[in-house]
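The values are calculated or read from the model by the stated rules, or taken from the named source; none is laboratory data. Quantities reported herein were computed from a predicted structural model and do not represent experimental measurements. Neighbour counts run over all protein chains shown; Cβ positions are idealised from the backbone, glycine included.
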Amino acid sequence: MKDACDPILKNKDLFIDQQKDIDGNDHDLEAPAVPCGLMAKSFFNDTLELYDNKDKTQIEFDTTNIAWKTDIEKFKNIKKDLPEGKTWKQVQWTDMEDPRFIVWMRNAGLPNFRKLYGVVSKTITKGQYTLKVKNQYNVKPFEGKKYFLLSNANFLGGKNELLFWCYYVSGAISGVLSLFFIQ
């Protein structure tokens, strides 16, 4: 556990709001943190609700298919070797089978990144919308910023300008180098 989780090994190493079980009861601070590690501790736990101002209806975020199948297979709630009389909800501080947690636990390649919160299956038309945020994720200690982004995706995925520019620049360099080697 020390190699995989260091420096977040015990419940006392978590943020204060994470030192409770899923039902809101206080954890034993000397017990192992489940889940453990810095990535788990930094889990984005804001709650977002989107409303259509025209008819005042809530637009639901679907989370059923946001995590990769290989990642879903990695993250399971503890079902065995529990302390006597305890359930997994009394040992863990978050649900490790929650698709948003699983998406969060996939490493980002760059310091600025996007994580999929959910999918809106309803067509969103031009108009006024209200976003309600239950702000639980503190970004002040590291001067971070949070953004809410609605994006279209197609069968090739979402918009990724970085990938476009990488291909464009590497193609241009390859073209110039090929001219050099022809002579």
Quiz item: Can residue 163 be described as at pLDDT below 90, out of contact with any Leu (no Cβ under 8 Å at 6 or more places or on another chain) and outside any loop (DSSP other than H, G, I, E, B)?
Solution: yes
Quiz item: Which of the residues that make up the range 79-131 are part of a helix (DSSP H, G or I), hydrophobic (A, V, I, L, M, F, W, C) and more than 18 Å from residue 148 (Cα to Cα)?
Solution: 88, 91, 102
Self-check item: Residues satisfying the stated conditions in the range 10-44, i.e. crowded, with 17+ Cβ neighbours inside 10 Å and either part of a loop (DSSP other than H, G, I, E, B) or in contact with a Gly (Cβ under 6 Å, 6 or more places away or on another chain) (or both)
Solution: 14, 19, 21, 27, 33, 34, 35, 36, 37, 43
Exercise. Would you check if residue 56 is loosely packed, with under 11 Cβ neighbours inside 10 Å, free of Cβ contacts under 8 Å to residues at least 12 places away in the same chain and under 16 Å from the mean Cα position of the chain (by Cα)?
Key: no
Self-check item: Residues of the range 59-80 satisfying the condition of being in contact (Cβ under 8 Å) with a residue 12 or more places away in the chain, exposed (fewer than 15 other Cβ atoms within 10 Å of the Cβ) and of a type in the set (S, T, N, Q)
Solution: 64, 65
Quiz item: In this structure, is residue 118 at pLDDT 90 or above and within 21 Å of residue 67 (Cα to Cα)?
Solution: yes
Exercise. Identify the single condition in (1) more than 21 Å from residue 5 (Cα to Cα); (2) touching a helix residue (DSSP H, G or I) at 6+ places or on another chain (Cβ under 8 Å); (3) of a type outside the set (D, E, K, R) that residue 103 does not satisfy, given that it satisfies every other one.
Key: (1)
Quiz item: Quick check: anything in the range 173-183 modelled with pLDDT under 90 and surrounded by 10 or more Cβ atoms within 10 Å (Cβ to Cβ)?
Solution: no
Quiz item: Pairs, please: C-beta under 9 Å, at least 6 apart or cross-chain, first residue over 17 Å from residue 162 (Cβ atoms) and in the range 98-111, second of a type in the set (Gly, Ala, Ser) and assigned to a helix (DSSP H, G or I)?
Solution: 101/40; 104/40; 105/40
Quiz item: Got a sec? Which of 86, 74 is over 19 Å from residue 45 (Cβ atoms) and either in contact with a helix residue (DSSP H, G or I) (Cβ under 8 Å, 6 or more places away or on another chain) or at pLDDT 90 or above (or both)?
Solution: 74
